[in-house]
Amino acid sequence: MQIRPATLVAFLAACGAVVALHAQAPAQAPAQAKERPIPQVIRKDGHYGFMVDGAPYLMLGAQAHNSSGWPGMLPKVWPAIEFLHANTLEIPVYWEQFEPHPQQFDYSVMDTIVTQAREHHIRLVLLWFGTWKNGSQHYMPEWMKADPAKYSHVIDKNGHPADSPSPFATASQELDIRAFTAFMRHLKAFDPQRTVIMVQVENESGTWGSVRDYSPAAQKLFDGPVPADVLKAMGHQGGSPANWQEAFGAEAEVNFHAWAVATYVGKVAAAGKAVYPLPLYANAALRDPIKPGAPGSYEAGGPTDNVIPIWKVAAPAIDIVSPDIYMSDPAAYLKVLELYRRDDNALFVPETAGSPAVSRFFFSALGFQAIGFSPFGLDYSVTNPAAVQAAVAAGATAPMDQFSPTAQNYKLIGPMMREIARLNFEGKLQTAVEEKGEATQTLHFGPWNATVTYGAGRRGAAAGNPEPTGRALVAQTGDNKFLVTGYLCRVDFRPTEADKRRQFMRVDEGTYDNGVFKFIRILNGDETDNGLNLRSEPLALRVSLGVY
Ligand code: DGJ
């Protein structure tokens, strides 16, 4: 039997034997691998596009659990990704694993992940669990954690070290820069295929339990002037304040910490980007988007909505700041999408819940032109696949099943992903998502209004679905031509011109297969007289409209 090098590496890595073999090994890509364009986030005519292999791409993602980024765990990851119909896996790479001894980099685990992703035809977003993970330094290598005097923590108001790395710890910063640069340099050499399409720098960087660092070095900076670009970005009016307190009052400390953390992360990102310019992003633990509490009630320092402008000027190598959305209230969820879709920021949801109550917001995110969406913790390291499969066989999207709602979404959109991504990049796509008590919604397309109703009887008024699970996607593909898809809703069109009525010229029902629309039938009669019904099957409609 001929053993391919990738298989051998994966096998050795699974045995934990690869460090000696592979540490410091020169990065090598398979000789025959064709180099593809480096993925890019671009903006054109006010719309963001995530270009992968030279065309707009929609990340149908799933994030693995925190401790699943090990070769021995991958067998519990790939079957879940397949079940979900995801096209992208987000998975961590741990600094503690990557640099077990100073400056000895172990590429074996990242290589195994990338190699297996290729075998499964899945793209990757690698999450660099470096200096920060959920505000703490828990993923620093052991030999760094053992020296807190050198790799210092935030000092809280009472003079105690917090469970959070100091953004002023230059010794830590230098090492993170060195390690992240090695990681990106290796990735560039190992991955001309661009299996890895984006990298997250740190994870929910910032601090819980202290609004800022109160160490003497930090205090000195806090008592000094605010950088001019930060004042400008925050729209500060009125002269040159002497210090942060004078400039920002009650928000001074949280702004100061955001500037400090963003500056640190920005330098790590810039160093990595200089060797390999992949799109980079930073994720945020959010504050309440509707009623934000006072500083101290949320993680300080990360790109929360109030300090996005500071992150933009202090960390320009970070392409996107992204919300981790663990909310199920529609008003809060939609507000977060609105806050992070900005002229200077593409919307990307790198973490969210996979629950039935939340999964419909995948459609909301598309309506806000998201370039990607990725529910968290969807692998079989915790959840027993048999339980998931049993729930599915029973036809249930029971609350315990965090997988099926996402699988249903991705099964529908996956085969038409490139068309959806292009239509969104061109600004031609809108979505509607059911909310309790709101059984009718209207989307506006110039001369046409698309009305979306939920739980509509044959002729009767729409009553809503028993649970608010309906979702629709409508995209304009030409003059009087639309692509319509979704689940558990009815879509109809009305001309905005007075005294005109719509008629369906033709409605084609079909499915997508690898980007190609496969015609099944023309819908007419009962199937169109009251509008276009989308049930639980993954179908798409191509609609031609006229008036009389
Ligand atoms: C947000 C973090 O970014 C994830 O790594 C994970 O810890 C989830 N919270 C919760 O499990």
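The table that follows gives values for the structure above.
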| item | result |
| --- | --- |
| 1.4 Å probe accessible area per residue over the chain, in Å² | 41 Å² |
| Net +/- balance of residues flanking Tyr298 in space, Cβ distance below 14 Å, scoring K and R +1, D and E -1 | -4 |
| Residue order for Leu366, Leu175 - accessible surface, 1.4 angstrom probe, largest first | Leu175, Leu366 |
| Whole-Å distance, taken between Cα centres, linking segment 89-127 and segment 204-228 | 33 Å |
| Where His121, His186 fall by accessible area, highest first, once all protein chains stay in place (1.4 Å) | His121, His186 |
| Sites Asn384 and His120, calculated FRET efficiency, Cβ-Cβ separation with R0 25 Å, nearest 0.05 | 0.75 |
| Cα Rg over Rh - segment 460-525, Kirkwood | 0.99 |
| Cα extents of the chain along the three principal axes, largest first (Å) | 76, 74, 40 |
| Sulfur and carbon atoms: percent of accessible area, segment 214-316 [1.4 Å] | 57 percent |
| Spin-label model distance (nm) - Asp288 vs Arg494, 7 Å beyond Cα toward Cβ | 3.7 nm |
| Label-point separation in nm, Phe519 to His138, each point 7 Å along Cα→Cβ | 5.6 nm |
| Prolate/oblate/rounded label for segment 71-228 (Cα gyration tensor, a/c 1.5) | prolate |
| Neighbourhood charge, 14 Å Cβ-Cβ cut-off, centred on Met140 and excluding it, Lys, Arg +1 and Asp, Glu -1 | -4 |
| Kyte-Doolittle mean at least 1.6 and Cα axial length at least 20 Å: DSSP H helices in the chain | none |
| Tensor-based shape of segment 34-164 (alpha-carbon gyration tensor, a/c under 1.5 rounded, otherwise prolate or oblate) | prolate |
| Three-way shape label, segment 88-151, alpha-carbon gyration tensor, a/c 1.5 | oblate |
| Residue-count net charge about Gly478 - beta-carbon cut-off 11 Å; Lys, Arg +1, Asp, Glu -1 | +2 |
| Ranked packing of 101-112, 480-491, most packed first, by mean Cβ within 10 Å | 480-491, 101-112 |
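The values are calculated or read from the model by the stated rules, or taken from the named source; none is laboratory data. It should be emphasised that the depicted structure is a prediction, and the values quoted were computed from it without experimental measurement. All Cβ positions, even for glycine, are placed from backbone atoms using ideal geometry, and neighbour counts span all protein chains on display. These accessible areas exclude ligands, DNA and RNA; they are computed on the full protein's heavy atoms, side chains included. Shrake-Rupley method; radii C 1.70, N 1.55, O 1.52, S 1.80 Å.
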